[in-house]
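Report on the structure given below.
The values are calculated or read from the model by the stated rules, or taken from the named source; none is laboratory data. These figures come from a predicted structure and were not determined experimentally. For neighbour counting, all protein chains shown are included, and Cβ atoms are generated from backbone atoms with ideal geometry for every residue, glycine included.
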């Protein structure tokens with residue numbers, strides 16, 4: 001009987017040690033995963049926060065304006081971001097947490113670039129989208145500034161800088177368009193049907209890509 005009691009206590013002790021070790025291992029793994037997530041987010045913010053040194057002054061776009069006209073049309077921050085490839089501060093811009101239904105047009109020519117239906121919270125402090133409304137409207141350019149390789153994105157019609165494209169977005173595309181609010185103009189909609197109709201109406205104007 002004493003032997004049975006001793007073995008029972010021994011079994012319980014071993015089980016408690018195993019459970020505690022497994023718990024510590026799980027906590028350690030959880031802490032490591034959390035550290036990786038924080039590190040990844042910091043890298044995302046760092047990459048998004050850097051401006052681009054690309055210069056499109058020698059390029060021709062379907063919509064052209066003089067520098068004086070751009071300065072007159074845009075606010076100072078929109079001019080610096082959209083025309084001079086600067087970057088606005090994170091969490092201090094009007095659209096990073098905007099959850100209203102609508103689409104985001106280019107601040108320079110009002111081309112519909114992104115939909116609120118594809119917007120998500122990336123935690124970076126800038127508006128983030130999983131895809132563009134029309135890939136033809138959002139052009140890409142390799143950006144090797146600051147010792148890193150990024151993909152710069154800009155309006156294909158007027159050349160206004162929008163932000164950068166990263167391969168760390170949600171499924172199924174795994175793409176994240178990290179965009180400056182200063183490069184966008186939000187057009188609200190009252191329903192998904194109205195949103196779709198508003199976007200299609202733009203293509204019926206003289207600015208559409210099918211002419």
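Condition check ((1) closer than 30 Å to residue 65 by Cβ; (2) buried (at least 22 other Cβ atoms within 10 Å of the Cβ)) across all residues:
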{"residue": "121", "(1), (2)": "no, no"}
{"residue": "124", "(1), (2)": "no, no"}
{"residue": "149", "(1), (2)": "no, no"}
{"residue": "160", "(1), (2)": "yes, yes"}
{"residue": "178", "(1), (2)": "yes, yes"}
{"residue": "186", "(1), (2)": "yes, no"}
{"residue": "199", "(1), (2)": "yes, no"}
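Listed here are the residues, each with its yes/no results for (1) touching a residue at least 40 places away in the same chain (Cβ under 8 Å); (2) on the phi < 0 side of the Ramachandran plot; (3) outside any strand (DSSP E or B).
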site: 91; (1), (2), (3): no, no, yes
site: 97; (1), (2), (3): no, yes, yes
site: 104; (1), (2), (3): yes, yes, no
site: 110; (1), (2), (3): yes, no, yes
site: 113; (1), (2), (3): yes, yes, no
site: 117; (1), (2), (3): yes, yes, yes
site: 154; (1), (2), (3): yes, yes, no
site: 159; (1), (2), (3): yes, no, yes
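For every residue, the table says whether it meets (1) modelled with pLDDT of 95 or more; (2) closer than 30 Å to residue 147 by Cβ; (3) surrounded by 10 or more Cβ atoms within 10 Å (Cβ to Cβ).
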| residue | (1), (2), (3) |
| --- | --- |
| 57 | no, yes, no |
| 72 | yes, no, yes |
| 89 | yes, yes, yes |
| 95 | yes, yes, yes |
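Has the range 173-182 got any residue that is assigned to a strand (DSSP E or B), farther than 25 Å from residue 123 by Cβ, out of contact with any helix residue (DSSP H, G or I) (no Cβ under 8 Å at 6 or more places or on another chain) and assigned by TED's automatic domain parsing to the domain that holds residue 58?
Step one: of the range 173-182, the residues assigned to a strand (DSSP E or B) are 176-179.
Among the residues that remain, those that are also farther than 25 Å from residue 123 by Cβ are: none.
No, there is no match, as no residue in the range 173-182 is assigned to a strand (DSSP E or B), farther than 25 Å from residue 123 by Cβ, out of contact with any helix residue (DSSP H, G or I) (no Cβ under 8 Å at 6 or more places or on another chain) and assigned by TED's automatic domain parsing to the domain that holds residue 58.
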